[in-house]
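Chemist: First the structure, which I've put down as structure tokens, then a few questions once you've had a look.
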Amino acid sequence: MEQKTEKKADGRVEVFIPRGAANEETNFIIGINGKKYILPRGKTSLVPPEVKAECERSQKAQAALDARIEYMLEQAAKTRP
């Protein structure tokens, strides 16, 4: 899901954190170089560009993990008698 990035005068960019499942934390926490960023899920936040990059990397990693788990479950189901 590609979104238009709007850059603000102070260098911050917008990042949208999707809502999680019902049992997930309501905030998305990112730590970069010892500094924590707490971003609300389901809302757009203004963050430094490196925080946006880390959010995107994290979301891609989660998608890859989910795909791998689904693949492994399918393979396990095929081997059951």
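The values are calculated or read from the model by the stated rules, or taken from the named source; none is laboratory data. Everything numeric here is computed off the predicted structure, so don't read it as measured data. Virtual Cβ from ideal backbone geometry, glycine too; neighbours counted across all protein chains shown. Heavy atoms of the whole protein, side chains included, go into the accessibility calculation; ligands, DNA and RNA do not. Shrake-Rupley method; radii C 1.70, N 1.55, O 1.52, S 1.80 Å.
Chemist: Counting only protein heavy atoms, what percent of the accessible surface of the chain is carbon or sulfur at a 1.4 Å probe?
Modeler: Values: 3420 of 6540 Å².
So the carbon and sulfur contribution to the accessible surface is 52 percent.
Chemist: Note down the Stokes-Einstein diffusion coefficient of the chain in µm²/s, whole number, using a Kirkwood radius over alpha carbon pairs, 37 °C, and 0.692 mPa s.
Modeler: Roughly 223 µm²/s, to the nearest whole number.
Chemist: Output the peptides 72-79, 26-33, 12-19 sorted from most to least packed, where packing is the average of other Cβ atoms within 10 Å over each peptide's residues. Before the final figure, lay out the partial values.
Modeler: Numbers: 72-79: 8.5, 26-33: 12.1, 12-19: 15.8.
Highest-to-lowest ranking by the protection proxy: 12-19, 26-33, 72-79.
Chemist: Continuing with the same structure: Can you give the angle from 0 to 90° between the axis of helix 49-79 and the longest principal axis of the chain, with both taken from C-alpha atoms, to the nearest 10?
Modeler: 10 degrees
Chemist: Leaving out ligands and nucleic acids, and using a 1.4 Å probe, what accessible area per residue does the chain come to in Å²?
Modeler: The answer is 81 Å² per residue.
Chemist: Please work out how many pairs of lysine residues in the chain are eight or more positions apart (or on different chains) and have Cα atoms closer than 19 angstrom.
Modeler: The result is 12.
Chemist: Then there is this: What is the extension gain from R57 to A77, computed as 0.36 nm multiplied by their sequence separation minus the C-alpha to C-alpha distance, in nm to one decimal?
Modeler: 4.2 nm
Chemist: Beta carbons within 10 angstrom, averaged per residue: use that to sort the peptides 60-66, 44-50, highest first.
Modeler: The packing order, highest mean first, is 44-50, 60-66.
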